[in-house]
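The values are calculated or read from the model by the stated rules, or taken from the named source; none is laboratory data. The shown structure was predicted, so the numbers you read here are calculated from the model rather than taken from an experiment. Cβ sites come from the backbone with ideal geometry, for glycine too, and all protein chains shown count toward neighbours.
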Amino acid sequence: MELSTRKALFLCKKLHRIVSVDVELIMKKTLKDLKNIWRWDLQMEISRRRFLGGSLALGGAVAIGTTGPTLKGLGFIEGANAAPANEQEKITYNCCNPECNNCSLQVHTRNGKLVRISPNPNYYTRPCLRGRSRLQWNYHPDRLKYPFKRVGERGEGKWERISWEEALDTIATNLAKIRDEHGPEKVFFTAGAVMSVMPNSMQRLFANAFTKGETTNTVGSLCCASQAEASNASQGYRTAGIEEKAHSKLIIVWGHNPAVTYIPHWGIVAEAKERGAKLITIDPRFNETAAKSDKWMSIKPGTDTAMAMAMIRYIIEEDLYDEKFALERSNLPFLVNEATGKLVRHSEIVADGNPDAFVVWDKAVNGPAHAEEAISPVLEGSFTANGMSVRTVFARLRERVSEFTSEYASEITGVPAKEITDLARLYANTKPAMLDSGMSGAQRTNNGVNFIQSLLNLAALTGNIGVLGGGVNDTGGFAHGTNAGVPMPYEAKVKGQIPTTKLGEYFLEGKPYPLKAVYWQGKGLGQVPNANKVLEGMKKMDFVVVQEHFFGDAASVADIVLPVATLFERYDVMCASRSFYYHLMDKAVEPFMEAKSDTWIYAELAKRLGFGEVFDKTEEEFIDGILKPTGLTSASLRESGPVWIWSDPKYNKYGVKRDKKPFHFFQDTPFNTPSGRFEFHTVRWENRGFEPMVHFDAPVESKETEPELYAKYPLSLVATKIRTKVHSTYAVMPWLSEIYPKGWVTINEEDAKARGIKDGQQVEVFNDRGSVKVSAHVTAGIRESVVSMPNGWWVQQGACSSVLSNDYTFEQSWGHCLNNTLVQVKGV
Amino acid sequence: MEVATLANSVSLGNERKVWMLICLAIALVAFGFYVNQLINGLEVTGMNNIVSWGLYIITFAFFVGLSAGGLIVSSSAYVFKIDKLKEVAPIGIVVAVACILGAAAMIVADMGRPERILNIIVGGKFTSPITWDFFVISLYLMIGLYECWIFFSNKWKGKSLEKRESVLAKAAFISLPIAILVHSITAWIFGLQAGRPFWDTAIMAPIFISSAVVSGTGLLLVVAYLGRKNGIKGLDDENVGTLVKVLVGFIILDLFLFFCELFTLTYTGGTAASESAALLLTGSLAPLFWFEIIAGMLIPLFILTNKSLKRSRGWMAVAGILVMVAVFLKRINIVLPGLLVINMTDSPGVSTGRFVESTGPFFEAGQTPFSAIATYAPTMTELIITAGAFAFVGFVIMLGVELIAKMDTKTSAKDKQLSSNTQLASDI
Amino acid sequence: MSKRLALLIDQDRCIGCWTCAVVCKMENNVGLGNHWNRILSNGTGEYGETPKIGLDGKPELVFQPTTCMHCENAPCVKACPTGATYKRKDGITAQNYSICIGCRACMAACPYNARVFNWGTAQQVPSFEDDHVGDARVPSRPKGVVEKCTFCQEKTDAGEKPACVTSCPAHARVFGDINDPSSEISGLMSESSHHSLLEDLGTKPSVFYTAPRRKLKVSYNQDGGGYLGE
């Protein structure tokens, strides 16, 4: 009875095993020949097979083009990512597209249903728990199935299911009416941070055609506007040295948390550590990366620039800087007119001189000379040139940072003075050393631009730029560097702009002019600072359309809600972004219930609005058009798998190819700055009217700048990222919610004791902008007077940190300053 | 007088019949809840992956003890030739059979897939105390039913009491060891677990046996009280006096054994086992533990040794009830501390198997299913099904008493016919 | 010599990201509320994220993925009355769901609390009428039976590695036959010191951990190249 059943089962299992198709084995065979091509000669020997995993020590890659699968070049263990399909399964490949690591996904379907998501066996990263939970996203019980129309008051939560016909007709009619009565720019289009090309491009295309280019745009971003501004000004590009971490001897993680936000790339950091690299984390909170670090340095939020400037001072005073780099590749020797504070131009010293060229003091002629032609430029000194009193940038920098002794910086930042000088010395003496800022929380402050500039300065001063394993790692960086995109029918004539962080304020106050309609695609409203204000602002609109997967925060205040397809239900393309690869994001299943792809929705609306021909293409045709400059097509990508952007000059906008010879940005390329050099005194800011050199501004909304506010709200709030979300994405996945079902506030033991708060107790975190009730995590692992909340919960879920966040921004970058927030905490 | 006795027994029989009907009704209601449990699974109980055994197993162990206790007492009478106690045998057997049936009911109620119970026989593993328990309990039940058959079946009608007694004496030599074995094995289900430090003690079997005798004897005292009006054969004042002495002795033994256990653990301290002990002495189970000791053991001890109270059947019954409650609490106080204190207390703990839906607007977890702190509270379903088992046991006991009553009258009538020289004549 | 399949977890690499735990749920279709694999940490508090304070007064946090240990001397196998839990020749402690009677003796026996029970019919998102999430070779379990990590026996039988091993983004998990001296795991285990959990209970687990590396001394010498391991 039972025995024979067992036997039968056993036999069945054996049969099944024989019949199973091992996809991984097939791929292994075809890749066998190419195994050696991508090994490049570095001194590190790989003794253990498992170090190949995620190892970019073996760098370089060759794309085979269209014949057979492409190697992912940056190192992998053969078969280590195996998740072979069994014979009932159909496999397609996709790419996780939030603002994360953009890993390649192997998608398994059975009978038209998504059943598994695995790592792509031929890709160098393994997707994290969030990407793997996408199954639950596709079939979530609360996923929008139909279009809905609001009945009742906005925000009341009463909805009526309607047909697509009715929904699209309503939207088209309303949008046209508003455009015709009030002007096209009064319809505001906004979309979330999606790294793949199609969804946001389709909205942009629609908006462009609908408004004929006269749009209202956002400026700045919630993530990295300050980082971008500082990087572009100082070196002309953002950098991304993610794969280089494996070569670093010292990685200083500053306000960044790669153990949470860069999980798929952790293997690279692990490998660096195994080679003896030191890892130091600087953060107000003992975060998950600090848990893996050799040292945690705790710092007051918003004061990081002061510490970096103290380090710059130390390096200059102790002669630890790289003089060669300073003279040859930076603008430190350039002369600055002391009277105007501007860089001296060649045309100012020579009659027919080049107004775009700069001037140094040449020892050989004891006079000013063209920066690129001087024989022996001087790094430091004050001179008179053509009647102008001039000084080198280096001399001015020394003066600029002279105030920032370690003791002074220690007072400002709370970091012990000795630790600051020790770190400076360690950093200067270790080569290569990387400053891993990611999109640092430290640059999400009013000091953000200065902070990143100070990091870049540190790297440049110590000759760590253009060095493998050095530099300042910005996760956004080069990875976006492709020429792929959707051409727009009309020239952009932006009528007005709204800083991304100020959506609420601008909506409510009718700035730059009163908007009438909002077309909101996917974006997490709960991520915008001062989130309650945004909800209020949305309620003021005449017409709101939200295109989403759930009844999220924005949808809750919409007039029409449209169910949209997930990335498994449509075609899309990832053009590098965080992954350095082109991925075809292949459709795997039909859209769930009545969901439709963004492309279809915009095409239908376009038809009704009279410009249907703009969308007269299939998604795959759109993708082919997007990829045109590269020579790749959706079909070729499907065939080859992900293609490395450095494997062909056509694939990236820098026109470079990385092959066996180590190629490195800023080593073999000039800086993309007006001077062609690394700029400590940036021409860009000189031109824009901002302070061109590094400096420290006291944090806004702090004890120093707003003592009255501080008296009411004496705790600094910093927002942190959490393993189970990417911003507000994945916020409702059951598997992930089992790990972290509710938000919390992390509070220092002393602060908690002073308020009578015990670990696990319900508390209220509040300020003038709003209030949130969460449980308290009492720990010694956060600075006194600082509290942190994990970010990503939706306003409707409670525990939304953005309800409290400062929406301050500033013109230099329009950056997000949520880490300039003061709150108070009390027990309930 | 005979007529009067008969009349008495008939009217009291009606009262008993009403109680039997009530018990049957409760048991049926409980069965309805059990069917619900079969349909929905054990999630209707309060158990979780940490406290994976709860009220059912506790009651199972209690019933086994109650059953074994009764049988140990009555078998000892034959094995150690305590003549007076021999008369307790029938009621002892009835109690034993009823309780072991209750135990079986509880075990089946606790199983996730009760329809597969025969897997223990087919392909059963003899490394497991549960397999041993299954076989031994089956054997025990068969012996119990055999002895009942000896007492009640028509085949034995008319056979002299001496003949019966000789068969019973032989059976007792098997039934006593089996009774001890059955409860030792039940103890070993817990005591052989190295992974649960509180359970992992050599004196688990002795503790179970001594408390089994305590509860079994206590039950007999309660039955003696309930049957005081028409007199249950074998439970006259002298026998009751002997039972009291047995009970007193075993209460003292039981207290001693448990004291040894807890004292040893508390003295060393710092271990998971001592944490479990602390739960009992000063922790969340302290109210149950101290009630068990004071109200359940020490007060009955006082009652049973007090000259004036000793004579009252009512007080004996009170003592009996208190010790039964004590032993039930003891089962709780052995099973729960073993499960409540987990070996690896690192956060976030153990996956409890309970998914609590969020009360917010979206489907997701409202609480984490992980817990480093174990909790357990029996649900209504568990309590009702357990009550049903008790009701069923009560029903069977009362049925047994009916049979004993009939047995009594039949035997004495027959014997009267057979001989007038026997002592039995004086029983009328 | 017969196989002994084992798992080595590098606690220096492990960042406690929970990917292995979530993937296990997906691949094996484990119902909501149950986990075969969980990440314990030496932190405190509800989520284990509150770091412990070390002897030097500094916070520290170490992550420990914990699952069935596939003990060589398995107490659960001894406790199972029906043989539904048994040791395979390759060392895996396996579960036969069609024999299990749901008595939960194995759960009481397991010192690691590694086993979970289907208290009701497993709830899953997504749930399909005629199929289930994850690897099709993994059988569905009815309510009332015990389940636990199987070292993905359906995969290992086919020569693949368990899902948690192939999914770990930090490559912190190594799986293989420790009775084979030439296997990767044997090599790694002989190079580093490792430990198992609750070793003194005599269960002889097949899951091993290598401890996080000691913190490197940061030396700030002016000269000397800067790279120091001491």
Taking segment A:511-525 and the residues there that are outside any loop (DSSP other than H, G, I, E, B) and of a type outside the set (Val, Ile, Thr), the one that is farthest from A:Ala731 (Cα to Cα) would be A:Ala517
Item to complete: Taking B:Gly124 as the residue in question, decide whether it is at pLDDT below 90 and within 14 Å of chain C (Cβ to nearest Cβ).
Response: yes
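Out of segment A:145-172, which residues are among the small types (Gly, Ala, Ser) and outside any helix (DSSP H, G or I)? Please lay out each step first, then the result.
Keep residues of segment A:145-172 that are among the small types (Gly, Ala, Ser), which gives A:152, A:155, A:157, A:163, A:167, A:172.
Selection gives A:Gly152, A:Gly155, A:Gly157, A:Ser163.
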Listed by range, strands (runs of 3 or more DSSP E) wholly within segment C:26-138 having at least 2 residues that are more than 7 Å from chain B (Cβ to nearest Cβ) and crowded, with 20+ Cβ neighbours inside 10 Å are C:63-66, C:93-95
Evaluate segment C:75-85: report whether one residue or more is under 28 Å from A:Val778 (Cα atoms) and aliphatic (A, V, I, L, M).
-> no
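Results for (1) more than 23 Å from the chain's Cα centre (by Cα); (2) at pLDDT 95 or above; (3) more than 18 Å from A:Asn429 (Cβ to Cβ); (4) more than 8 Å from chain C (Cβ to nearest Cβ), shown as yes or no for each residue.
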| residue | (1), (2), (3), (4) |
| --- | --- |
| A:Ile268 | no, no, yes, yes |
| A:Lys273 | yes, no, yes, no |
| A:Ala277 | yes, no, no, yes |
| A:Thr281 | no, yes, yes, yes |
| A:Pro284 | no, yes, yes, yes |
| A:Ala306 | yes, yes, yes, yes |
| A:Glu317 | yes, yes, no, yes |
Those residues of segment A:782-798 which are over 23 Å from the mean Cα position of the chain (by Cα) and part of a loop (DSSP other than H, G, I, E, B) amount to A:Arg783, A:Glu784, A:Ser785, A:Gly798
A:Ile757 vs (1) within 14 Å of chain C (Cβ to nearest Cβ); (2) modelled with pLDDT under 95: all pass except (2)
Checked against (1) modelled with pLDDT under 90; (2) within 13 Å of chain C (Cβ to nearest Cβ), B:Ile150 satisfies every condition except (2)
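Of a type in the set (A, V, I, L, M), more than 14 Å from every other protein chain (Cβ to nearest Cβ), buried (at least 20 other Cβ atoms within 10 Å of the Cβ) and under 16 Å from the mean Cα position of the chain (by Cα): is that true of B:Leu304 in this structure?
Values: of a type in the set (A, V, I, L, M): yes; more than 14 Å from every other protein chain (Cβ to nearest Cβ): yes; buried (at least 20 other Cβ atoms within 10 Å of the Cβ): yes; under 16 Å from the mean Cα position of the chain (by Cα): no.
Judged against the criteria, B:Leu304 is not a match.
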Cβ pairs under 8 Å, 6+ apart or interchain, first in segment B:373-385 and assigned to a loop (DSSP other than H, G, I, E, B), second hydroxyl-bearing (Ser, Thr, Tyr) and surrounded by 19 or more Cβ atoms within 10 Å (Cβ to Cβ), ordered by first then second residue, are B:Pro378/B:Thr45; B:Pro378/B:Thr386; B:Thr379/B:Thr45
Check your understanding: Does B:Phe250 meet the test of being surrounded by 21 or more Cβ atoms within 10 Å (Cβ to Cβ) and assigned to a helix (DSSP H, G or I)?
Key -> yes
In segment A:371-389, anything more than 22 Å from A:Lys324 (Cα to Cα) and aliphatic (A, V, I, L, M) is listed as A:Ala385, A:Met388
- Query: Would segment A:638-648 turn up any residue that is more than 16 Å from A:Ala240 (Cβ to Cβ), free of Cβ contacts under 8 Å to residues at least 24 places away in the same chain and surrounded by fewer than 23 Cβ atoms within 10 Å (Cβ to Cβ)?
  - Reply: no
The number of residues in segment B:317-337 that are surrounded by fewer than 22 Cβ atoms within 10 Å (Cβ to Cβ) and among the small types (Gly, Ala, Ser) is 1
Checked pairs for segment A:182-201, first more than 29 Å from A:Ala576 (Cβ to Cβ), second surrounded by 21 or more Cβ atoms within 10 Å (Cβ to Cβ) and of a type in the set (A, V, I, L, M), C-beta under 8 Å and 6 or more apart or across chains, list as A:Lys186/A:Leu515; A:Lys186/A:Ala517; A:Val187/A:Leu175; A:Val187/A:Ala207; A:Val187/A:Leu515; A:Val187/A:Ala517; A:Val187/A:Val518
If we keep only residues of segment B:160-192 that are of a type in the set (S, T, N, Q) and surrounded by fewer than 20 Cβ atoms within 10 Å (Cβ to Cβ), then the residue farthest from B:Tyr146 (Cα to Cα) is B:Ser160
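Residues of segment A:286-304 being of a type in the set (Gly, Ala, Ser) and more than 23 Å from the chain's Cα centre (by Cα), which ones? First the steps, then the outcome.
Let us first name the residues in segment A:286-304 that are of a type in the set (Gly, Ala, Ser), namely A:290-291, A:293, A:298, A:302.
Scanning segment A:286-304 gives a single hit, A:Ser298.
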Here, helices (runs of 4 or more DSSP H) confined to segment A:308-413 with at least 1 residues that are touching a residue at least 12 places away in the same chain (Cβ under 8 Å), in contact with a strand residue (DSSP E or B) (Cβ under 7 Å, 6 or more places away or on another chain) and surrounded by 17 or more Cβ atoms within 10 Å (Cβ to Cβ) are A:323-329, A:346-349, A:393-402
Selection over segment C:186-199 where residues are more than 10 Å from every other protein chain (Cβ to nearest Cβ) and outside any loop (DSSP other than H, G, I, E, B) yields a count of 6
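Grab the helices (runs of 4 or more DSSP H) fully contained in segment B:261-352, keeping just those with 1 or more residues being hydroxyl-bearing (Ser, Thr, Tyr). Break it down stepwise before answering.
On the way: elements: B:272-281, B:286-290, B:299-305, B:313-340.
Of the helices (runs of 4 or more DSSP H) lying wholly inside segment B:261-352, those with at least 1 residues that are hydroxyl-bearing (Ser, Thr, Tyr) span B:272-281, B:299-305.
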Tell me, yes or no, whether segment A:439-462 has at least one residue that is crowded, with 24+ Cβ neighbours inside 10 Å, within 14 Å of chain C (Cβ to nearest Cβ) and either touching a residue at least 60 places away in the same chain (Cβ under 8 Å) or not in a strand (DSSP E or B) (or both). yes
Taking segment A:703-743 and the residues there that are farther than 16 Å from C:Cys17 by Cα and of a type in the set (Asp, Glu), the one that is nearest to the other protein chains (Cβ to nearest Cβ) would be A:Glu704
Here, helices (runs of 4 or more DSSP H) confined to segment A:694-758 with at least 2 residues that are surrounded by fewer than 24 Cβ atoms within 10 Å (Cβ to Cβ) are A:707-712, A:749-754
Within segment A:634-642, identify whether any single residue is part of a helix (DSSP H, G or I), within 23 Å of the chain's Cα centre (by Cα) and either at pLDDT 90 or above or of a type outside the set (Ser, Thr, Tyr) (or both), and answer yes or no. no
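In segment C:146-160, what residues are facing another protein chain (nearest Cβ under 7 Å) and either at pLDDT 95 or above or surrounded by fewer than 19 Cβ atoms within 10 Å (Cβ to Cβ) (or both)? Give the derivation first.
First, pick out the residues of segment C:146-160 that are facing another protein chain (nearest Cβ under 7 Å): C:157-158, C:160.
Within segment C:146-160, C:Asp157, C:Ala158 qualify.
For segment B:4-24, check the following and say yes or no: at least one residue is within 27 Å of C:Thr121 (Cα to Cα), surrounded by fewer than 16 Cβ atoms within 10 Å (Cβ to Cβ) and either modelled with pLDDT of 90 or more or of a type in the set (Gly, Ala, Ser) (or both).
Looking for residues that are within 27 Å of C:Thr121 (Cα to Cα), surrounded by fewer than 16 Cβ atoms within 10 Å (Cβ to Cβ) and either modelled with pLDDT of 90 or more or of a type in the set (Gly, Ala, Ser) (or both), one finds none in segment B:4-24, hence no.
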